[in-house]
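Data block below; observations after.
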Amino acid sequence: MQITRSGEYGLRGVLFLARRPSEGFVLVSEISKYQHIPETFLAKIFQRLSKAGLLRSSRGSKGGFSLGKPAGSITMREVIEAIDGPIALNRCLRREGECDEEELCPIYQVWSKAQQQLLEILDGTTVEDLARQMVRIEKKRREEVRHR
């Protein structure tokens with residue numbers, strides 16, 4: 001299983017919005033420019049995120065996008081699944097009963113455990129967590145540049 005480029009871009013776009021002041025909307029063109037994401041591609045991704053309630057959109061001269069709920073309540077899993085659909089490491093994990101052998105298959109048991117751990121990590125990581133981590137990374141970079 002691989003997170004799609006759409007999922008990655010969606011996370012980057014949402015993270016960009018989380019680092020902005022909460023009031024006001026940001027144009028897709030601005031996010032696209034700073035995140036190096038094709039604008040039309042990002043606009044389609046943001047439409048999906050808006051339908052899922054993770055983003056709000058507004059039209060007009062002061063329009064754009066903003067977070068649909070607090071960054072601390074948006075998980076990585078929510079963003080990825082709003083774009084890519086349910087996460088499954090293997091086809092046998094997409095739906096219960098997908099495979100006739102799941103009760104007897106040792107491979108299924110490993111896939112199931114690995115998927116559960118992945119989902120726990122994605123559920124336990126919010127956009128706010130990512131924004132805080134980004135601040136720490138940027139601070140470290142500035143200190144490294146200063147000490148050269």
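The values are calculated or read from the model by the stated rules, or taken from the named source; none is laboratory data. Computed from a prediction, not measured in an experiment: that's the story for all the values here. Glycine gets a Cβ as well: all are built from the backbone with ideal geometry, and neighbour counts include every protein chain shown.
In summary, G72 fulfils each of the numbered conditions (1) among the small types (G, A, S); (2) surrounded by 14 or more Cβ atoms within 10 Å (Cβ to Cβ); (3) at pLDDT 95 or above with the single exception of condition (2). Applying the condition of being of a type in the set (G, A, S) and assigned to a helix (DSSP H, G or I) to segment 5-44 and asking which residue is farthest from the chain's Cα centre (by Cα) yields S29. For segment 108-130, filtered to residues that are among the β-branched types (V, I, T) and outside any loop (DSSP other than H, G, I, E, B), the residue that is modelled with the lowest pLDDT is V110. Here Q47 passes the criteria (1) assigned to a helix (DSSP H, G or I); (2) in contact with a Gly (Cβ under 9 Å, 6 or more places away or on another chain); (3) not aromatic (F, W, Y) except the one numbered (2). Considering only segment 39-62, I want to know if a residue exists there that is touching a strand residue (DSSP E or B) at 6+ places or on another chain (Cβ under 6 Å) and among the charged types (D, E, K, R). Yes. Considering (1) out of contact with any Phe, Trp or Tyr (no Cβ under 9 Å at 6 or more places or on another chain); (2) over 30 Å from G68 (Cβ atoms), the lone condition that E101 does not fulfil carries the number (1). The set of residues in segment 19-37 that are in contact with a strand residue (DSSP E or B) (Cβ under 9 Å, 6 or more places away or on another chain) and farther than 18 Å from E8 by Cα comprises R20, S22, E23, G24, F25, V26, L27. Here Q47, Q116, Q109 are screened, and the one residue that is without any contact (Cβ under 8 Å) to a residue 12 or more places away in the chain and either β-branched (V, I, T) or within 16 Å of V14 (Cβ to Cβ) (or both) is Q47. Of the residues in segment 95-117, at least one is of a type in the set (A, V, I, L, M, F, W, C), within 23 Å of R5 (Cα to Cα) and out of contact with any helix residue (DSSP H, G or I) (no Cβ under 7 Å at 6 or more places or on another chain). Please work out if R95 is surrounded by 12 or more Cβ atoms within 10 Å (Cβ to Cβ) and either within 28 Å of Q133 (Cα to Cα) or modelled with pLDDT under 90 (or both). For R95, the condition - surrounded by 12 or more Cβ atoms within 10 Å (Cβ to Cβ) and either within 28 Å of Q133 (Cα to Cα) or modelled with pLDDT under 90 (or both) - is not met. Checking each residue in segment 50-107 for being outside any loop (DSSP other than H, G, I, E, B), among the aliphatic types (A, V, I, L, M) and closer than 21 Å to L119 by Cα picks out A71, M76, V79, I80, A82, I83, L93, I107. Of the residues G53, G64, the single one that is modelled with pLDDT under 95 and on the phi > 0 side of the Ramachandran plot is G64. Scanning segment 44-62 for residues that are buried (at least 16 other Cβ atoms within 10 Å of the Cβ) and farther than 17 Å from D84 by Cβ returns a single hit, S57.
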